[in-house]
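Note sheet for the following structure.
The values are calculated or read from the model by the stated rules, or taken from the named source; none is laboratory data. The model shown is predicted, which means the values in this text are computed figures rather than measured ones. Please note: Cβ atoms are built from the backbone with ideal geometry, for glycine as well, and neighbour counts cover all protein chains shown.
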Amino acid sequence: MSNNAVVFEEWAVTGGRVAVARLNAPKSLNALSLDMIRLLTPKLRQWQQDDKVLAVWLDAEGDKAFCAGGDIVALYRDMIEPQPAGQRAGLGQAFFTEEYELDQLIHSFGKPVVCWGHGIVMGGGLGIMVGASHRVVTERSMIAMPEVSIGLYPDVGAGWFLNRMPGRTGLFLGLTGARMNAADAIFLGLADRFIGHERKAEVVAALQNADWQQADASVVLNRVLRQFEQDSAVSRPDSPVRDNFDAINRLTDADSLDQLVVQLKGVDGDSEWLQKAVRALAGASPTAQMLFWRHLTLARTMSLSEVFELELGLSLKCLSKGEFAEGIRALLIDKDQQPRWRYSSLNDIDPAWIDDFFH
């Protein structure tokens, strides 16, 4: 196996080539690093301009994860190390700036991009997948935006894609970090097709052997993926989000975040998925929850590029405010699972503290 953080190859097909980018850090669940981003972005731009490249295929090494999120341990180390006066911007600023540029590039690529979203797809991994034109999920896809548990907020364009989910499911999922399966992802518009992971090699072979000159590249892709999706239908899971849709909308019907959280904590019924999602509220950062609430409201009428601009400003503030670093410390560094948040509850938060993130 290559030691490169991303492995590139190209498949020769009739009429051109299909370009492949494979995340290659399986030991870290393919956590997205700045090194990966700096390999992916120029290569994607090259393929975007190459008329012989008909489509792009994105996947990852290993069987556990497409991408479990950003490399936040590296961000933590950068945040806690003092930056000498006048020194260039640290890793964090470069990471968020270039990550969002990569995400926007995939959204606006102009050629078909297939993303094989098998295993864990969280945070920055979802930021990559959601912008692809042909998003495949499998029986083991596990998708989430759990940033509030580490003192961040759902970013990577989440202000755009969570606002476009049916009802108030986007609000619920961002606030709780609830885990979604493949059927949830399709219901919510995060994915397009369900295909059993054991069929992946056959899908690749079918794409390599397809006649790409017979039709538009997107049509060729859909014909191949559609057939395998039909063959996989029997193993597609049920969707807990769809099953709990009415309850989610009822519980999130509130005029303030305080009221909403009270309603969520009063959830009853026999849905273990819903109960588990609500229990996660207890450990989340009140600051991050409030940031998300305001961010989602502001982003509702914004374009995708405007959302990324807003998120970049917010994320850079998060690097310097301490809450994000504390969340990473508690979860991944000391692993004591006891974050010492700046405010212990939503009611305690000084409004000026939140305002400063947006200025």
Check on residue 341, crowded, with 19+ Cβ neighbours inside 10 Å, among the aromatic types (Phe, Trp, Tyr), in contact with a Leu (Cβ under 6 Å, 6 or more places away or on another chain) and on the phi < 0 side of the Ramachandran plot: no
Filter region 286-302 down to the residues that are hydroxyl-bearing (Ser, Thr, Tyr) and in a helix (DSSP H, G or I) and list them by number. 287, 297
Against the definition (touching a strand residue (DSSP E or B) at 6+ places or on another chain (Cβ under 6 Å), assigned to a helix (DSSP H, G or I) and in contact (Cβ under 8 Å) with a residue 12 or more places away in the chain), how does residue 57 come out, yes or no? no
Cβ pairs under 6 Å, 6+ apart or interchain, first in region 1-15 and touching a residue at least 40 places away in the same chain (Cβ under 8 Å), second assigned to a strand (DSSP E or B) and surrounded by 14 or more Cβ atoms within 10 Å (Cβ to Cβ), ordered by first then second residue, are 7/22; 10/17; 10/19; 11/18
Residues located in region 267-278, provided they are at pLDDT 95 or above and either more than 20 Å from residue 239 (Cβ to Cβ) or small (Gly, Ala, Ser) (or both): 277
Listed by first then second residue, the pairs whose first member lies in region 183-204 and is without any contact (Cβ under 8 Å) to a residue 12 or more places away in the chain, whose partner is part of a loop (DSSP other than H, G, I, E, B) and hydroxyl-bearing (Ser, Thr, Tyr), with beta carbons under 9 Å and at least 6 positions apart or on separate chains, are 198/138
Determine whether residue 146 is surrounded by fewer than 22 Cβ atoms within 10 Å (Cβ to Cβ) and more than 26 Å from residue 358 (Cβ to Cβ). no
All positions within region 244-266 that are closer than 30 Å to residue 140 by Cα, loosely packed, with under 15 Cβ neighbours inside 10 Å and either modelled with pLDDT of 95 or more or within 23 Å of the chain's Cα centre (by Cα) (or both): 246, 250
What do you reckon, is residue 164 in a loop (DSSP other than H, G, I, E, B), of a type in the set (Lys, Arg) and more than 12 Å from the chain's Cα centre (by Cα)? yes
Cβ-Cβ under 6 Å pairs, at least 6 apart or on other chains, region 21-36 side in a helix (DSSP H, G or I), far side crowded, with 22+ Cβ neighbours inside 10 Å: 34/95; 36/6
Does residue 173 meet the test of being outside any loop (DSSP other than H, G, I, E, B) and more than 26 Å from residue 40 (Cα to Cα)? yes
Find the helices (runs of 4 or more DSSP H) located wholly in region 178-278 whose residues include 2 or more that are of a type in the set (Lys, Arg), and list them. 217-232
Residue pairs within 8 Å by beta carbon, gap of at least six or interchain, first lying in region 152-170 and among the acidic types (Asp, Glu), second assigned to a loop (DSSP other than H, G, I, E, B), listed first then second, are 155/123
